[in-house]
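Notes for the one structure printed next.
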Amino acid sequence: MATYTLRYVEKKPLSFSLPVLAAAGGFAGLFVGAAQSTMLNGIAGGAVLLAVLGFLALGVLDERREKPVRWGVMALMAAGGWIMGGLAGLIVGIAFGWFFGWFVYWIGEGRYRAHLLPYLTPGQVLGHYAFRVTCGLIFFFLITPIVVVMPLSFNAENFFTFTPRMLALDPEGFSLKHYRDFFTNPDWQQALWNSVAIAPVATFLSVSFGTLAAIGLSSEHVPFRRAIMAVLISPMIVPLIISAAGMYFFYSRLGLQGTYWGVVLAHAALGIPFVIITVTATLVGFDRSLTRAAANLGANPVTTFFRVQMPLILPGVISGGLFAFITSFDEVVVVLFVGSAGQKTLPWQMFIGLREQISPTILAVATILVAISIVLLTTVEMLRRRSERLRGLSPG
Amino acid sequence: MSDMTTTSQPVAPKPGAAPQVADPMLAADGTPLKRSLARALRAQKLRALMLIAPLLIFVLVTFIAPILDMLFRSVENQVVPNTLPQTVVAVEGWSPDAGETPGEPVFEALYHDLFLAAEAKRHTRLGSRLNYEHAGLSSVFRSSGRKVDDVGEVQLDALDALDKSWKDSGFWYALMSGGEGAAGDTAPLKAARGRLERLTGENFGGDAGFVPGQEIARILPRTVAEYSTFALFTAIDDGKEVARTKPWEAVKVALIQEIKRGADLAGYDGPGAAELRAARDMAAGQPDIDFKAAFADIDEAWDEIATWRTISAYGGHFTSGYFLNAADMQNGVDGIEARPENQRIYVMLFQRTLFMSLVICGACILLGYPVAFLLANLPMRTANLLMILVLLPFWTSLLVRTSAWKVMLQQQGVINDVLVWLGLVGDTGRLVMINNQFGTIVAMTHILLPFMILPMYSVMSTIPQTYVRAARSLGATNWTAFWRVYFPQSVPGIGAGSILVFILAIGYYITPELVGGTTGTFISNRIAYHISSSLNWGLAAALGSILLTAVLILYWAYDRIVGIDNVKLG
């Protein structure tokens, strides 16, 4: 049986398409013009170019010639870019050509209505795309700072901004010297090793205590459950500076201030809420009859825990552990107060670098840390999906 | 965990005990079912608590105890009564309304307290403590500690000139211990130990190599007390032999004062009896030691009522001074009053912290709502992909994001470069976007935005799309359908996100410290300053307590509205 979907995709009149294309071209031309320091020429040139292209593609040539036309536009713009800005211009030109080749047909053939409800008024369509663009800008705001850091870390100069040579994609403008500094400078290496020595131990403490407690908390009859939960989550809520101050005074009395174990204990306390939250969330979907079945078949509680319960809640435990790890690995306020120079961690070294002498090595470290967080994020996402699949919660 | 161990072993019912109709229902082992169930439940509860206990104890010790300890610091004032124990007691009867400084006994007590404090080098600590309440006292205590041994110089010289045995350490040792084989009295030694331990916070246990004589301790109590303190300090702290060390001037001053006041030497025949009597006769001819004049000579602040008002007001073991200070107030002449205009800073800082947190929270709502809406209404696959753009900043180190903003917002930074390149600003008119409130707000909005989007998204993804469609089919416009149907259902998400963002924002330290300059800093930065630079820990603790109270109220509200169990991460 054929399904009939109501679609409202039809070719638009040139009186609509050409002005829209000209406006878009003008906007893009503004940036090209700015690069050549003639903004007005850029706007006018862009508008004319796009209007002519639109007329050719939509008015003169047939719709079936779409593919060659799009390649042609791309080639044209790439050539223009090459003439104006060399290698970097070529890349920008190809991107522009690809986009405008698509855009001409998207507007002219009315494809922009393809996924929308057919009864929407033009104003609503505009509103829909305005909303999408707004969201796009917010995503841009979220991701840009992280993305900008990466290319800057390959800067050959000791600047925090893109040099002309970098913008021209000149290989001379790039270098690995900040990475080399990170891997050879004893300060950074010491900081890296301290971080690596502290975080896993703190994670181990949080995960082992936290998992046990989460299992206890998830059983049906726990007195004072709410109060206990509030205490256990509090390290995440209390401002770090207050935790740091309290620990500084208290650990000094115990002789733990400025020692490795002081920092480990403090970080373990800070990581606990994350373990509790993720593990209890996993336990919500845990079927208790499985443990009863195991007991019924003669398993003792320890066997039941390791052979039945643990494999099922393992994804939650691991992601809780990763959260605890990243908490300790990123933590700077508490270690500033509880630690001494011997426990200087990577974030501490970065903090000093940012506050006192701002050295571009920080950007190399930042890029490495971003790479680490991408790996951790991917792992956690995969674990979450696996756990949902195990519990049959999600269709995906 | 399994439930198999809760019920006790089933026991076969006894042959003769056939269940009777009137009896309550019985379990398999013959106990009433109710009690059996209660026992099973109790065992379950106990097991759950035993699983929680290790973590609970861990968190209580490593986290809650430090915070309580810090809260206690905000009212604690041990340093004044521990450093000036006798002065604080003596000054109790004095009132600033009398219009003059306290009398001689108070100054004499101050002399002995200050002398010991200066020997133990603890007087500067007291000075800096009292300096928080009365500016200038720090230097008063420093100079007084240096010159306190000049008090009563005339009388001391006269004593030394009278008989050279008064300069002899062995003679003093014999006099104070009552000679060999004399009955000892350990009470003054114990008191001295307590005094020193309270003053220094160190352990003064151990053998001083000296026990005061019973007889002399009865006749010259204060001299013996001072000598015992000297002996303990010399033996434990300096590690010297008491019998070979010359006693402090304070001991001699105590002796002069006591014999002048008519100590009963009549029946005394222990070591140094003749010298004591000679000294008494000599002292009778000498003028009294004028402690008040001597102190006024060292520093005229001692002659001011304001100084003594501060000492008398902050002599207790607990104080409200730090909290008053945190609220820009002080304990003035007519009770609690506002501080002078130029010293008010904390109320302004609290206001700024609140204001900026609200702005950040509002910016997060504005930016987070559309994104959460989009994610909740897109197909699952696309939404998951876009979610990565939200989660990546969430997982990225705070310092990486802060340094990224520093790179972006600087005057020679990326944003300014782009603006100059576009010709929107001239090269000389680059915008100042960092080291001010703007920089802090932008960077913190970026850092906290995921904490707003995630709770909003989890609420919005549970709102059925059919409601909006139903509203539309009933004739609502796009806007009405959103505002009257969709938005009210998404309010819990806004609430959860806002409280979370607000709680995190008001306690922020790192980002304001790095990009805030002077106008964009929060109260946390001031707390950190007082802990690590100005060392006014009591004030830091008081500011921290106020901040903590605000956060805990919000935390409580969050728990009520959202429930801490419902916090989701990613």
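The values are calculated or read from the model by the stated rules, or taken from the named source; none is laboratory data. Remember, predicted model here, so these are calculated numbers, not experimental data. Using ideal geometry, Cβ is built from the backbone for each residue, glycine included, and neighbour counts are taken over all protein chains shown. Accessible surface areas use protein heavy atoms only, side chains included; no ligands, DNA or RNA. Shrake-Rupley method; radii C 1.70, N 1.55, O 1.52, S 1.80 Å.
For the reader, a short list of remarks on this structure follows.
- Centre separation in Å (Cα based) which lies between the range A:257-290 and the range B:473-504: 33 Å
- Placing +1 on the Cβ of every Lys and Arg and -1 on the Cβ of every Asp and Glu, with no other charges, gives the range B:346-566 a dipole of roughly 380 debye about its Cα centre.
- Each label point was placed 7 Å from the Cα along the Cα-to-Cβ direction; for residue A:144 and residue A:27 their separation is 1.5 nm.
- Listed values for the range A:44-58 are Karplus-derived 3J(HN,Hα) couplings in whole Hz (6.51 cos²θ - 1.76 cosθ + 1.60, θ = phi - 60°), namely 5, x, x, 4, 5, 4, 5, 5, 5, 4, x, 4, 4, 5, 9, and x replaces Gly and Pro.
- Dipole magnitude (debye, nearest 20) for the range B:89-227, charges at Cβ of Lys, Arg, Asp, Glu: 560 debye
- Reported to the nearest whole Å, the Cα centre-to-centre distance from the range A:72-139 to the range B:27-78 is 62.
- Scanning residues 5 or more positions from residue B:332 or on other chains, those with amide H under 5 Å from its amide H are B:337, with H placed 1.01 Å from N in the peptide plane.
- Heavy atoms of the protein chains alone define the surface here; on that basis the range B:116-162 has 43 Å² accessible area per residue at 1.4 Å probe size.
- Test item: B:404-414 mean partner chain Cβ contacts at 10 Å: 5
- Net charge over other residues, Cβ less than 12 angstrom from the Cβ of residue B:553 (K, R count +1; D, E count -1): 0
- Rounded if a/c under 1.5, otherwise prolate or oblate - the range B:346-566, Cα gyration tensor axes: oblate
- Relative to the longest principal axis of the Cα atoms of chain B, the long axis of helix B:380-395 makes an angle of roughly 10 degrees.
- Accessible surface, per residue, of the range A:185-391 when the full set of protein chains is kept, probe 1.4 Å, Å²: 37 Å²
- Portion, in percent, of the accessible area of the range A:14-119 that falls on carbon or sulfur, probe 1.4 Å: 75 percent
- Taking every protein chain into account, the accessible area of the range A:67-157 amounts to 51 square angstrom per residue (probe 1.4 Å).
- Only protein atoms count toward the accessible area here, which uses a 1.4 Å probe; on the range B:152-284, the carbon and sulfur part of that area reaches 47 percent.
- Rounded if a/c under 1.5, otherwise prolate or oblate - chain A, Cα gyration tensor axes: oblate
- Buried accessible surface for the A/B pair, both sides summed and rounded to the nearest 100, is 9100 Å² with a 1.4 Å probe.
- Cα gyration tensor, chain B - rounded (a/c under 1.5), prolate or oblate: oblate
- Interface residues of the range A:322-355, defined as those with an accessible-area decrease of at least 20 Å² between the chain by itself and the complete set of protein chains (probe 1.4 Å), are A:323, A:326, A:330, A:332, A:333, A:337, A:350, A:351, A:354, A:355.
- Shielding score for B:292-298, defined as the mean number of other chain Cβ atoms within 10 Å: 0
- Placing R0 at 56 angstrom, the Cβ-Cβ distance between residue A:60 and residue A:287 gives a FRET efficiency of 0.25 after rounding to 0.05.
- Which listed pairs, of B:167/B:190; A:344/B:406; B:121/B:164; B:260/B:292; B:167/B:260; A:177/B:406, have C-alpha distances above 28 Å, in listed order: B:121/B:164
- Dipole of the range A:1-127 [Lys/Arg +1, Asp/Glu -1 at C-beta], most positive-end residue of A:45, A:100, A:87: A:100
- Top positive-direction residue, dipole computed over chain B with Cβ charges, set B:54, B:263, B:323: B:54
- Threshold 40 Å², the range B:53-97 residues less accessible with all protein chains present than alone (1.4 Å probe): B:55, B:56, B:58, B:59, B:62, B:63, B:66, B:69, B:70, B:73
- Furthest towards positive pole of dipole, B:474, B:31, A:289, structure part the protein assembly as shown, Cβ charges: B:474
- For the pair the range B:262-286 and the range B:410-431, the centres of their Cα atoms are 89 angstrom apart.
- Once the C-beta distance of residue B:351 and residue B:553 is scaled by a Förster radius of 22 Å, the resulting FRET efficiency is 0.80 to the nearest 0.05.
- Of all accessible heavy-atom area on the range A:185-391, the percent that carbon and sulfur account for (1.4 Å): 66 percent
- Dipole in debye (nearest 20) - the protein assembly as shown, about Cα centre, beta carbon charges: Lys, Arg +1; Asp, Glu -1: 6100 debye
- Per residue of the protein assembly as shown, the DSSP helices (runs of n ≥ 4 H) give a summed -39500 (n - 2.57) that works out to -21500 deg cm²/dmol at 222 nm.
- Net charge of neighbours whose Cβ lies under 15 Å from the Cβ of residue B:352, counting Lys and Arg as +1 and Asp and Glu as -1: 0
- Acute angle (nearest 10 degrees) that the helix B:249-260 long axis makes with the longest principal axis of chain B, alpha-carbon atoms: 50 degrees
- Neighbourhood net charge (9 Å Cβ-Cβ; Lys/Arg +1, Asp/Glu -1) for residue B:514: +1
- Burial here means at least 50 square angstrom less accessible surface with every protein chain in place than with the chain by itself, probed at 1.4 Å; in the range A:118-167 the buried residues are A:131, A:138, A:139, A:141, A:142, A:143, A:145, A:146, A:160, A:161.
- The C-alpha atoms of chain B define a longest principal axis, and helix B:487-506 lies at about 30 degrees to it.
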